[in-house]
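Here the structure is laid out as structure tokens; the discussion comes afterwards.
Where a number appears in this text, it was derived from the coordinates with a stated rule and is not lab data. In this text, all values refer to a predicted model and were calculated from it rather than measured experimentally. Counting neighbours? That spans all protein chains shown, and the Cβs are built from the backbone with ideal geometry, glycine included.
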């Protein structure tokens with residue numbers, strides 16, 4: 001039996017280390033935030049430096065370790081924590097501060113433009129996305145204490161109802177627009193329930209939830225306080241669309257941008273219905289799973 005060279009003890013330990021903060025904050029949000037706030041200020045600000053440990057494990061195991069990348073993964077989360085700590089102190093009404101938007105810009109651009117993917121062995125760059133997500137969760141939810149982000153994955157039937165409602169509104173629009181533009185292509189076939197469930201769960205956890213937390217829980221949430229609900233919904237959807245400009249194309253993929261921006265309207269509607277990332281992530285994961293299985 002052939003063993004996957006990517007599945008090593010070091011990589012498995014690193015995976016547990018990056019998933020633990022994400023899942024703890026998602027399923028035990030009050031406990032996680034409360035425990036962190038019992039630490040002295042210096043410890044609260046320095047704690048994110050521990051995010052360099054998964055990089056150390058994976059990079060050393062893959063033979064690509066560099067001190068410069070190690071320093072970045074140790075210092076960048078600490079810098080973000082400091083900025084968001086100051087944002088909480090200065091912006092007590094939580095209307096959004098330049099520090100918030102600077103952190104969002106760094107997180108968004110570094111993932112979208114793949115600034116740090118060269119730090120990782122081949123096929124393991126997903127660690128970068130989850131590490132940055134952990135840093136954002138710690139900064140915005142634990143230190144900034146941003147209200148209304150809705151990062152709680154203890155899903156309810158109401159979340160499913162809202163998520164599937166927005167899926168129902170978006171699907172005919174996406175089909176009409178995507179097929180007419182030649183972006184979508186119908187494929188017959190039934191991959192099986194296991195494949196469908198696996199695709200949906202993977203997409204939900206590793207794509208939909210991180211993107212919905214970033215774009216809706218943090219960005220749309222903060223923009224609402226500045227420009228209002230409707231403008232925030234539209235602006236966030238446009239930015240979400242533009243984040244897909246380099247996906248599945250060597251140049252600006254305007255079809256993808258357009259479909260993603262329209263999808264962003266419905267993801268944003270799902271989130272703001274009850275300010276729950278779980279609801280919009282259900283819409284998002286369902287759209288992506290349908291596309292990858294039958295329309296790509």
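With each label modelled as a point 7 angstrom along the Cα→C-beta vector, the residue 158-residue 294 pair spans 3.0 nm. Using all pairs of distinct alpha-carbon atoms, the Kirkwood hydrodynamic radius of the stretch 182-249 works out to 14.4 angstrom. Overall, the anisotropy analysis places the chain in the oblate class: the square-rooted eigenvalues a ≥ b ≥ c of its C-alpha gyration tensor yield a/c not less than 1.5, with a/b not exceeding b/c. Averaging 1/r over every pair of different alpha carbons in the stretch 157-295 and inverting the result gives a Kirkwood radius of 15.1 Å.
Helices in the chain, meaning DSSP H runs of at least 4 residues, each add -39500 (n - 2.57). Divided by all residues, the mean residue ellipticity at 222 nm is -21000 deg cm²/dmol. Annotation for residue 197 and residue 64: the two label points, set 7 Å from Cα along the Cα-Cβ direction, are 3.3 nm apart. A protection proxy built from the mean count of other Cβ atoms within 10 Å ranks the segments 201-207, 218-224, most packed first, as 218-224, 201-207. Could you list the residues of the stretch 35-69 with an amide nitrogen less than 15 Å from a label point located 7 Å from the Cα of residue 6 in the Cα-to-C-beta direction? 58-59, 62, by backbone N distance to the label point.
If you take the square roots of the eigenvalues of the alpha-carbon gyration tensor of the stretch 117-238 and sort them as a ≥ b ≥ c, do you get rounded (a/c under 1.5), prolate (a/b over b/c) or oblate? Cα axes put the stretch 117-238 in the oblate bin. Between residue 16 and residue 35, the contour length at 0.36 nm per residue exceeds the alpha carbon distance by 4.9 nm. Label sites at residue 226 and residue 89, each approximated as a point 7 angstrom past Cα along Cα to Cβ, lie 2.2 nm apart. Computed over all pairs of different Cα atoms, the Kirkwood value for the hydrodynamic radius of the stretch 9-143 is 15.3 Å.
Shape class of the stretch 54-116 from the Cα gyration tensor (axes a ≥ b ≥ c, square roots of the eigenvalues): prolate, since a/c reaches 1.5 or more and a/b is larger than b/c.
Could you give the distance between the Cα centres of the stretch 67-88 and the stretch 220-296, to the whole Å? Using only Cα atoms, the two centres lie 27 Å from each other. Panel note: the C-alpha atoms of the stretch 149-217, placed on their principal axes, show extents of 36, 27, 21 Å (largest first).
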